[in-house]
Amino acid sequence: MEQKIRVLVGKPGLDGHDRGALVIAQALRDEGMEVVYTGLRQTPAQIVNAAIQEDVDCIGLSCLSGAHNELFPEVIRLLRERQAEDILVIAGGVIPQEDIPFLEAQGIAKIFTPGTSTKETAEFIRSHIKRKPLAFLEPPKKIAHIGIAVKSLEAVLPFYKKVGLPLLGTEVVESEQVRVAFLGIGDSRLELLEPLHPDSPIAKFLEKRGEGIHHVALAVDNLEERLAQLKASGISLINEEPKDGAHQARIAFLHPKAANGVLFELCQYPASEEARP
């Protein structure tokens with residue numbers, strides 16, 4: 001699996017229309033690329049800053065104002081100044097044929113004139129950007145726990161005691177506004193989640209769906225790297241950065257739309273916690 005190509009579509013100068021740029025942006029998304037559109041009337045510096053911040057592979061410039069001979073080379077100059085000249089730069093718009101050699105000499109990889117198919121543009125980008133395969137990461141170690149939303153821990157714990165599942169402890173997780181109880185089962189756990197506040201995520205889940213299974217948590221290593229890889233491969237994330245969870249774990253949630261409605265949590269535990277039953 002390779003990372004998705006990321007493209008920034010920018011309109012430098014004083015253009016007041018962006019329909020063409022929006023069409024290109026949507027066409028590249030349809031081709032499987034991730035597209036950032038910076039909007040109208042952007043300066044070259046704003047475009048370059050956004051490209052570096054968004055870690056894009058390609059910048060697509062569009063200009064209808066006639067200022068392309070000044071604006072496009074300035075983007076190239078700023079990329080070189082920021083040591084980001086490895087970003088591919090292409091351009092389109094109302095560009096006279098006589099200006100194309102000059103722009104290409106300045107570092108614009110390709111000028112796409114009006115009438116060029118969007119598929120041709122996408123193929124050019126693909127052929128000039130070689131993405132490295134995603135680094136191999138070990139599969140998740142196990143199901144760390146299954147989260148179950150409940151209205152009251154005290155009301156449900158007697159059932160689990162009768163079933164024979166030992167209570168391992170309770171804990172307040174402020175980041176999620178919940179009080180949790182952990183029940184042991186083999187080398188995994190059940191995690192009962194009681195909301196602390198009416199506006200907490202668990203309270204909203206209970207209001208919408210009632211008590212029941214809330215999420216499946218997977219124990220993993222290299223959580224930050226794994227999140228970056230999942231994002232690069234097109235998986236929607238709720239948390240792009242890890243946050244604090246129960247038992248000193250670092251956690252992050254994947255968006256349920258990525259798994260057909262199932263909410264998955266990734267948990268990275270300290271070594272001392274992983275050794276616990």
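The values are calculated or read from the model by the stated rules, or taken from the named source; none is laboratory data. Remember, it's a predicted structure, so these values are computed and weren't measured experimentally. With ideal geometry, Cβ positions are generated from the backbone for all residues, glycine too; neighbour counts draw on all protein chains shown. Note: areas computed on protein heavy atoms with side chains; ligands, DNA, RNA excluded. Shrake-Rupley method; radii C 1.70, N 1.55, O 1.52, S 1.80 Å.
Has region 111-128 got any residue that is among the small types (Gly, Ala, Ser), modelled with pLDDT under 95, open to solvent by 30 Å² or more (accessible area, probe 1.4 Å) and under 28 Å from the mean Cα position of the chain (by Cα)?
Within region 111-128, one or more residues are among the small types (Gly, Ala, Ser), modelled with pLDDT under 95, open to solvent by 30 Å² or more (accessible area, probe 1.4 Å) and under 28 Å from the mean Cα position of the chain (by Cα).
Among the residues in region 250-269, are any at pLDDT 95 or above, open to solvent by 80 Å² or more (accessible area, probe 1.4 Å) and not in a strand (DSSP E or B)?
Looking for residues that are at pLDDT 95 or above, open to solvent by 80 Å² or more (accessible area, probe 1.4 Å) and not in a strand (DSSP E or B), one finds none in region 250-269, hence no.
Does region 51-64 include one or more residues that are open to solvent by 20 Å² or more (accessible area, probe 1.4 Å), assigned to a helix (DSSP H, G or I) and in the same structural domain as ILE125 (by TED's automatic domain parsing)?
yes
Considering only residues that are part of a helix (DSSP H, G or I), touching a strand residue (DSSP E or B) at 6+ places or on another chain (Cβ under 7 Å) and in contact (Cβ under 8 Å) with a residue 24 or more places away in the chain, which ones fall in region 216-246?
LEU223, ARG226, LEU227, LEU230, ALA246
Does ILE24 fit the bill of being in the same structural domain as VAL94 (by TED's automatic domain parsing) and within 21 Å of GLU81 (Cβ to Cβ)?
No, not satisfied.
Does region 21-40 contain any residue that is at pLDDT 90 or above, among the charged types (D, E, K, R) and over 20 Å from the mean Cα position of the chain (by Cα)?
Scanning region 21-40, I find no residue that is at pLDDT 90 or above, among the charged types (D, E, K, R) and over 20 Å from the mean Cα position of the chain (by Cα), so the answer is no.
Can you name the condition, by its number, that GLU74 falls short on among (1) open to solvent by 20 Å² or more (accessible area, probe 1.4 Å); (2) under 25 Å from the mean Cα position of the chain (by Cα)?
The one condition GLU74 does not meet is (2).
Does LYS243 satisfy the criteria of being out of contact with any His (no Cβ under 7 Å at 6 or more places or on another chain) and more than 30 Å from VAL35 (Cα to Cα)?
Taking the combined requirement at face value, the residue does not satisfy it.
If you take the residues of region 93-110 that are of a type outside the set (D, E, K, R) and under 19 Å from ILE5 (Cα atoms), which of them is least open to solvent (accessible area, probe 1.4 Å)?
Once the filter is applied, the top-ranked residue is ILE108.
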